[in-house]
1. R0 = 35 Å: FRET efficiency of Glu342 with Ala131, Cβ-based, nearest 0.05?
2. In degrees, nearest 10, range 0 to 90: what is the angle between the Cα axis of helix 249-263 and the longest Cα principal axis of the chain?
3. Keeping all protein chains in the complex and leaving out DNA, RNA and ligands, what accessible area do you get for Cys341 with a 1.4 Å probe, in Å² to the nearest 10?
4. Tell me, in nm to one decimal, what length is gained between Lys90 and Ile226 on full extension, where the rule is 0.36 nm per residue of separation less the Cα-Cα distance?
5. Nearest 500 deg cm²/dmol is fine: what mean residue ellipticity at 222 nm does the chain get from its DSSP H runs of n ≥ 4 alone, each adding -39,500 (n - 2.57), divided by its residue count?
6. Just to confirm the number: angle between the C-alpha axis of helix 208-223 and the first principal axis of the chain, 0 to 90 degrees, nearest 10?
7. What percentage of the solvent-accessible surface of the chain, computed with a 1.4 Å probe over protein heavy atoms, is contributed by carbon and sulfur atoms?
8. In nm, to one decimal, how far is the Arg189 label point from the Val104 one, both placed 7 Å along Cα→Cβ?
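The values are calculated or read from the model by the stated rules, or taken from the named source; none is laboratory data. Keep in mind it's a predicted model, so treat the numbers as computed, not measured. No Cβ is skipped: glycine too gets one built from the backbone with ideal geometry, and neighbour counts run over all protein chains shown. Remember, those area values only see protein heavy atoms, side chains included, never the ligands or the DNA or RNA. Shrake-Rupley method; radii C 1.70, N 1.55, O 1.52, S 1.80 Å.
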Amino acid sequence: MHRFKYRARSLYCEDVKVARIAREVGTPLYIYSKNTLLDHYRKIRDALREASPLICFSVKSNSNLAVLKTLVNAGAGLDIVSGGELYRAKLVKVDPRKIVYAGVGKKRDEIMDAIRYGILFFNIESHEELALINRCAREMKRKVNIAIRINPDVQVSTHGYITTGMGGTKFGVDFKTAKAIFRSSWKYRNAKIRGVHIHIGSQILDARPFQSAIKKVLRFLETNKIFVEYLNIGGGLGIVYSLEKPQTALSFAKKILPLVRKSKLKLILEPGRFISGNSGIMVTKVLFRKKTGQKNFIIVDSGMNDFIRPSLYEAYHTVRPVTKSRGRLKKTRYDIVGPICESGDFLAKGRALPALKQGDLLAIMGAGAYGYTMSSNYNSRPRASEVMVDRKKFLVVKKRETYKDLVKGELFRG
Ligand code: LLP
């Protein structure tokens, strides 16, 4: 359960009025609830307690340092995919033995940096990557741990852009290649294969695809007499955006634990959205209203550069007024669109909302995951600020960008 609730007519984040934060910090604005983050982290950790899992929060879902620090202080590890994410991990001083590093295209410098920091392991996605990591480790006179990311080829019903565990995607290696890698592992003296990794997709609402992927992987290990220590089942647990009925942490655990118990492998998870998704909202202000043909448009001060999920995946995010109008008012259907020069620039379409006027504030719910991290400067728009609320207090945890920030590093002659 998240902590963005109405008290009387006003939307609150924990004990702070959202309208007050917007007034003091301006819009567009991301607001995170610290205690929702912690609550969601503890839910998944506690549900799987029996397996003492290592929960590595997926940094790509929300990489704000305050968010990472909150989770790291509570005991979380981090799932990273780049040198930049490693840099963030170092800044929040996460124990390197709690870092797993995934991604299909790691570069030499990034690999060396991670080896130097002493991460738990690399999730490798190709034979050539393993060879490169081994070479780097040899040059550095170090030994590193590896997990092979296997693409278990399971059907997942989610948006095509966020399925990763089906054959034909770029992720992981198929069973045949995994077998070949294991068979040739003696060649890699500085990179020891100690685990298997799967991540089958994102926003998965039911445990079945996880179960079948885990079963496939365990069967593969057993038939080929491959012995490893770790089973990393990735992230992907779905959340409620509107009417979804996702598995709870407990029902997920109930389905997964028997398999893990039997395998005797150490369990690792990489949840992102499950922890951060409903821990954040984006707040935007109504600039103008206009009617074109049959449509009522609300033009707001944030666009696809600030929050791209609706444009990219046609993702549905609930839109709520930050301050509800008095009484029962007639609702109007609105398309809520941004200021960007693209027809794909919308936050919501055909939403029934009480009449809106200039200056009203709207909350885009469930924006804590893949919100700010996927934002850009398109149309030369400075990125929004981020705020974290902890009970009665709030703190700006990322300043709004300035025009100066926009052109940082750019040069011209003459
Ligand atoms: N582990 C790996 C290897 C991943 O690639 C991902 C996400 C995660 C963990 C975390 O997945 P989660 O628990 O958050 O579902 N931008 C898309 C989602 C892309 C997910 C990419 N990988 C969206 O906004 O829906």
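1. Values: r = 42 Å, r/R0 = 1.20.
FRET efficiency, Glu342 to Ala131: 0.25.
2. 10
3. Surface open to solvent at Cys341 totals about 110 Å².
4. Extra length from Lys90 to Ile226 when fully extended: 45.6 nm.
5. Computed mean residue ellipticity for the chain: -8000 deg cm²/dmol.
6. 10
7. On the way: 10410 of 19900 Å².
Carbon and sulfur: 52 percent of the exposed surface of the chain.
8. Each label point is offset 7 Å from its Cα along the Cβ direction, giving 3.3 nm.
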